[in-house]
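The structure appears below as structure tokens.
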Ligand SMILES: Cc1cc2nc3c(=O)[nH]c(=O)nc-3n(C[C@H](O)[C@H](O)[C@H](O)COP(=O)(O)OP(=O)(O)OC[C@H]3O[C@@H](n4cnc5c(N)ncnc54)[C@H](O)[C@@H]3O)c2cc1C
């Protein structure tokens, strides 16, 4: 009979309480039975074998920076935290790949490969605190994804422990390879519902030049959105193209004076790492911005100044934490509908009488409207949060561009997927996790999947 790995397991209530949640506010979390802080592959294998034999739900955790409740505890579950599996196993300069354990922090990997003249582009706003395993499990995006792609575009191979404790390798180290189904892609973005990632092989790129940046100020967010379309329509692909509306600027200004002109309605920040071509790219951005009624444009002269211009955008997460509660949307729409999205969000804020600050990766059409509220407004905040997702769908977009479905948006998945796609999700879940022990109730409703399948078989 298997047991949980003794050395790695605790049931200390204070420790369990500290590990109960990720960073999503307004998302329920239960009381776990135990926490396993895995220090080896064997710890993960043993935990899943035990959980499978005893039909106990397992919630995989990385650094718990998730924004969708996907790593929140369930009543009676085992939290399987892999942040201590944090070794960089290999950086192969010739092949331009790195092999890491899942607990390696994103920025740690980026810094390690930079020392060897290489570049790992996926850069979530949480790059200093989130793990590669978590990035893979959520298919995390970031600012530079506009030019380079999201986490999944860089994952070549995985080692995954399946629900019954078997260890599986997917993908390969080589630049190409099409033997069999693309199981690597299946596990990317699966949010801990199909298996636990214990090793990741990522592709790297040659180092890029340190970026230059430009900031454009507008009276309205709609003008800023038109500038996005105009610049990208001109055939440019900046390294980042980020938007902050007036409400976001107001929130950030409470933390730090960014020296923005008073009364500014929206800010657009473009970054170019095109080396000698960067000034040309930013001049084109300035032209687009002025064509779309920018009131002022500042172009950095050197990378240090560019860093300062990006600073305001990086402070947004921290600024939102100053509010009593927040619900952060993550809708992504076709870029041509960006202006309609931000206008619609302003209407929703008025309709539900809540404060919504909108910022995000404008170049991707991926916005993070954050409903910032105090607890008395919880109901209106939830309605506004839902209305933003409906607006995203109505505009031909998705309920989540990068944060994942988790628990927070689970009930919305069925509105985005068609019946056949939902059925396929359920079949895949049932096949890989027939007992429904892996992060049940996240992404898809486990009542209709694993557990139901077991119930049906035993009845
Ligand atoms: C300030 C801030 C800024 C952020 N900016 C961005 C951003 O720009 N882009 C973006 O995409 N996200 C962003 N996020 C969200 C979050 O950081 C990402 O979702 C990140 O990828 C989560 O990584 P993690 O290690 O914290 O995972 P966790 O939060 O621990 O887990 C996230 C999900 O992955 C699963 N999981 C974790 N590790 C594993 C594993 N090894 N195997 C299987 N499943 C696993 C969990 O069960 C859970 O469902 C931000 C968060 C914060 C707090």
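The values are calculated or read from the model by the stated rules, or taken from the named source; none is laboratory data. What you are looking at is a predicted structure, and each value in this text was computed from that prediction instead of being measured. Methodologically, a virtual Cβ is constructed for each residue, glycine included, from the backbone with ideal geometry; neighbour enumeration extends over all protein chains shown.
The criterion of being outside any helix (DSSP H, G or I), surrounded by fewer than 22 Cβ atoms within 10 Å (Cβ to Cβ) and in contact (Cβ under 8 Å) with a residue 12 or more places away in the chain does not hold for residue 66. Among 79, 74, 118, which is the only one that is more than 8 Å from the ligand (Cβ to nearest atom) and farther than 18 Å from residue 191 by Cα? It is 118. Each residue in the stretch 164-194 was checked for being in contact with a helix residue (DSSP H, G or I) (Cβ under 6 Å, 6 or more places away or on another chain), within 15 Å of the ligand (Cβ to nearest atom) and either touching a residue at least 40 places away in the same chain (Cβ under 8 Å) or in the same structural domain as residue 48 (by TED's automatic domain parsing) (or both), and 5 pass.
Among helices (runs of 4 or more DSSP H) entirely within the stretch 331-420, having at least 3 residues that are touching a residue at least 40 places away in the same chain (Cβ under 8 Å) singles out 338-352, 378-394. Condition check for residue 136 on (1) in a helix (DSSP H, G or I); (2) more than 10 Å from the ligand (Cβ to nearest atom): one failure, at (2). For the stretch 32-63, filtered to residues that are part of a loop (DSSP other than H, G, I, E, B) and buried (at least 21 other Cβ atoms within 10 Å of the Cβ), the residue that is farthest from the ligand (Cβ to nearest atom) is 32.
Taken together, the residues in the stretch 85-115 that are within 16 Å of the ligand (Cβ to nearest atom) and free of Cβ contacts under 8 Å to residues at least 12 places away in the same chain amount to 0.
For (1) over 18 Å from residue 434 (Cβ atoms); (2) in contact with a helix residue (DSSP H, G or I) (Cβ under 7 Å, 6 or more places away or on another chain), each residue gets a yes or a no:
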residue: 41; (1), (2): yes, no
residue: 44; (1), (2): yes, no
residue: 57; (1), (2): no, no
residue: 61; (1), (2): yes, no
residue: 66; (1), (2): yes, yes
residue: 72; (1), (2): yes, no
residue: 75; (1), (2): yes, no
residue: 82; (1), (2): yes, yes
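Being away from the ligand (no atom under 13 Å from the Cβ), crowded, with 24+ Cβ neighbours inside 10 Å and at pLDDT below 95 is the requirement here; does residue 312 meet it? In short, yes.
Would you please name the residue that is surrounded by the most Cβ atoms within 10 Å (Cβ to Cβ), looking only at residues in the stretch 249-301 that are touching a helix residue (DSSP H, G or I) at 6+ places or on another chain (Cβ under 8 Å), in a helix (DSSP H, G or I) and at pLDDT below 95? Looking at residues that are touching a helix residue (DSSP H, G or I) at 6+ places or on another chain (Cβ under 8 Å), in a helix (DSSP H, G or I) and at pLDDT below 95, I get 252.
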